[in-house]
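Colleague: Take this structure, written in structure tokens, and hold onto it; I'll ask about it next.
The values are calculated or read from the model by the stated rules, or taken from the named source; none is laboratory data. Just so we're clear, the structure is a prediction, and the values are computed from it rather than from any experiment. Virtual Cβ from ideal backbone geometry, glycine too; neighbours counted across all protein chains shown.
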């Protein structure tokens, strides 16, 4: 998944040469597991990554402002409940500092973010409901197989692309599950 976020930032904003990786280590201790695939993809794409743990709004503000001061910078926000709660701040700052940003949740793009790629959360909840049903019917949770996400969604905000001066490649638009005008 991490490699895909790196690929997407280079595809939607080819001029990006460095990208800041945003996450909160307290609310997303698993975030670092994405880094090896992101680093491998970044090497292939001639992209420098800067890992930026944040824990409050001030950290977010300073981190995004610093990324905005770098020429040809970008932003990747990892899946994180804390970042989701700071969605409007992050999207506003990324736009203010003219940073192309890749998010993991559709809600960021609906709030004005550029592009999101991640699991289809509705599908995950539907699958969870089927497990609850099976458990309520007597199956033991330990006997149920682990299920990994199988459905992912790509959402692009064309208005945000225009604000950032980006032209979204037709091949990327063709792959999008949703395009917000």
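Colleague: Kindly establish whether residue 113 is part of a helix (DSSP H, G or I) and either assigned by TED's automatic domain parsing to the domain that holds residue 7 or surrounded by 12 or more Cβ atoms within 10 Å (Cβ to Cβ) (or both). Give the derivation first.
Modeller: On the way: part of a helix (DSSP H, G or I): no; either assigned by TED's automatic domain parsing to the domain that holds residue 7 or surrounded by 12 or more Cβ atoms within 10 Å (Cβ to Cβ) (or both): yes.
When the stated conditions are applied, residue 113 does not pass them.
Colleague: Could you check residue 174 against (1) part of a loop (DSSP other than H, G, I, E, B); (2) farther than 27 Å from residue 33 by Cα; (3) modelled with pLDDT of 95 or more and say which number it fails?
Modeller: If we test residue 174 against (1) part of a loop (DSSP other than H, G, I, E, B); (2) farther than 27 Å from residue 33 by Cα; (3) modelled with pLDDT of 95 or more, just (1) comes out false.
Colleague: Kindly indicate whether residue 55 is more than 22 Å from residue 161 (Cβ to Cβ), touching a helix residue (DSSP H, G or I) at 6+ places or on another chain (Cβ under 6 Å) and touching a residue at least 12 places away in the same chain (Cβ under 8 Å).
Modeller: Numbers: more than 22 Å from residue 161 (Cβ to Cβ): yes; touching a helix residue (DSSP H, G or I) at 6+ places or on another chain (Cβ under 6 Å): no; touching a residue at least 12 places away in the same chain (Cβ under 8 Å): yes.
Spelling it out, it is not the case that residue 55 is more than 22 Å from residue 161 (Cβ to Cβ), touching a helix residue (DSSP H, G or I) at 6+ places or on another chain (Cβ under 6 Å) and touching a residue at least 12 places away in the same chain (Cβ under 8 Å).
Colleague: Would you confirm whether any residue within the range 47-61 is closer than 16 Å to residue 3 by Cβ, assigned to a loop (DSSP other than H, G, I, E, B) and more than 12 Å from the chain's Cα centre (by Cα)?
Modeller: The initial filter retains those residues of the range 47-61 that are closer than 16 Å to residue 3 by Cβ, namely 47-49, 51.
Applying the additional criterion that residues be assigned to a loop (DSSP other than H, G, I, E, B) yields 47.
Among the residues that remain, those that are also more than 12 Å from the chain's Cα centre (by Cα) are: 47.
Yes, the range 47-61 contains a residue that is closer than 16 Å to residue 3 by Cβ, assigned to a loop (DSSP other than H, G, I, E, B) and more than 12 Å from the chain's Cα centre (by Cα).
Colleague: Any residue that is in contact (Cβ under 8 Å) with a residue 40 or more places away in the chain, in the same structural domain as residue 170 (by TED's automatic domain parsing) and assigned to a helix (DSSP H, G or I) - is there at least one of those in the range 31-41? Don't jump to the end; show me each part of the working.
Modeller: First pass over the range 31-41, keeping only residues in contact (Cβ under 8 Å) with a residue 40 or more places away in the chain: 31, 34.
Remaining after also requiring in the same structural domain as residue 170 (by TED's automatic domain parsing): 31, 34.
Those left that are additionally assigned to a helix (DSSP H, G or I): 31, 34.
Within the range 31-41, one or more residues are in contact (Cβ under 8 Å) with a residue 40 or more places away in the chain, in the same structural domain as residue 170 (by TED's automatic domain parsing) and assigned to a helix (DSSP H, G or I).
Colleague: Among 97, 62, which is the only one that is in the same structural domain as residue 19 (by TED's automatic domain parsing) and surrounded by fewer than 16 Cβ atoms within 10 Å (Cβ to Cβ)?
Modeller: Numbers: 97 fails: surrounded by fewer than 16 Cβ atoms within 10 Å (Cβ to Cβ).
Testing whether each residue is in the same structural domain as residue 19 (by TED's automatic domain parsing) and surrounded by fewer than 16 Cβ atoms within 10 Å (Cβ to Cβ) leaves just 62.
Colleague: Something else about it: In this structure, is residue 112 without any contact (Cβ under 8 Å) to a residue 12 or more places away in the chain and more than 12 Å from the chain's Cα centre (by Cα)? Give the steps one after another, and end with the answer.
Modeller: Values: without any contact (Cβ under 8 Å) to a residue 12 or more places away in the chain: no; more than 12 Å from the chain's Cα centre (by Cα): yes.
Judged against the criteria, residue 112 is not a match.
Colleague: With the checklist (1) part of a helix (DSSP H, G or I); (2) surrounded by 11 or more Cβ atoms within 10 Å (Cβ to Cβ); (3) not assigned by TED's automatic domain parsing to the domain that holds residue 63 in hand, flag the one item residue 161 doesn't pass.
Modeller: Every condition holds for residue 161 apart from (3).
Colleague: I've got another one for you. Working carefully through the options 90, 76, find the one that is closer than 20 Å to residue 16 by Cβ, assigned to a strand (DSSP E or B) and in contact with a helix residue (DSSP H, G or I) (Cβ under 9 Å, 6 or more places away or on another chain).
Modeller: Details: 90 fails: assigned to a strand (DSSP E or B).
That would be 76, the only listed residue that is closer than 20 Å to residue 16 by Cβ, assigned to a strand (DSSP E or B) and in contact with a helix residue (DSSP H, G or I) (Cβ under 9 Å, 6 or more places away or on another chain).
Colleague: Name the single residue that is nearest to residue 68 (Cα to Cα) among those in the range 93-104 being part of a loop (DSSP other than H, G, I, E, B) and in contact with a strand residue (DSSP E or B) (Cβ under 6 Å, 6 or more places away or on another chain). Give the steps one after another, and end with the answer.
Modeller: First, the residues of the range 93-104 that are part of a loop (DSSP other than H, G, I, E, B): 97-100, 104.
Next, only the ones that are in contact with a strand residue (DSSP E or B) (Cβ under 6 Å, 6 or more places away or on another chain) stay: 99-100, 104.
Numbers: 99: 6, 100: 10, 104: 20 Å.
Per the criteria, the residue is 99.
Colleague: Also, I was wondering about something else. Can you tell me which residues in the range 1-27 are out of contact with any strand residue (DSSP E or B) (no Cβ under 8 Å at 6 or more places or on another chain) and part of a loop (DSSP other than H, G, I, E, B)? Give the derivation first.
Modeller: Within the range 1-27, the subset out of contact with any strand residue (DSSP E or B) (no Cβ under 8 Å at 6 or more places or on another chain) is 2-3, 7, 10-11, 14-15, 26-27.
Passing the criteria: 14, 15, 26, 27.
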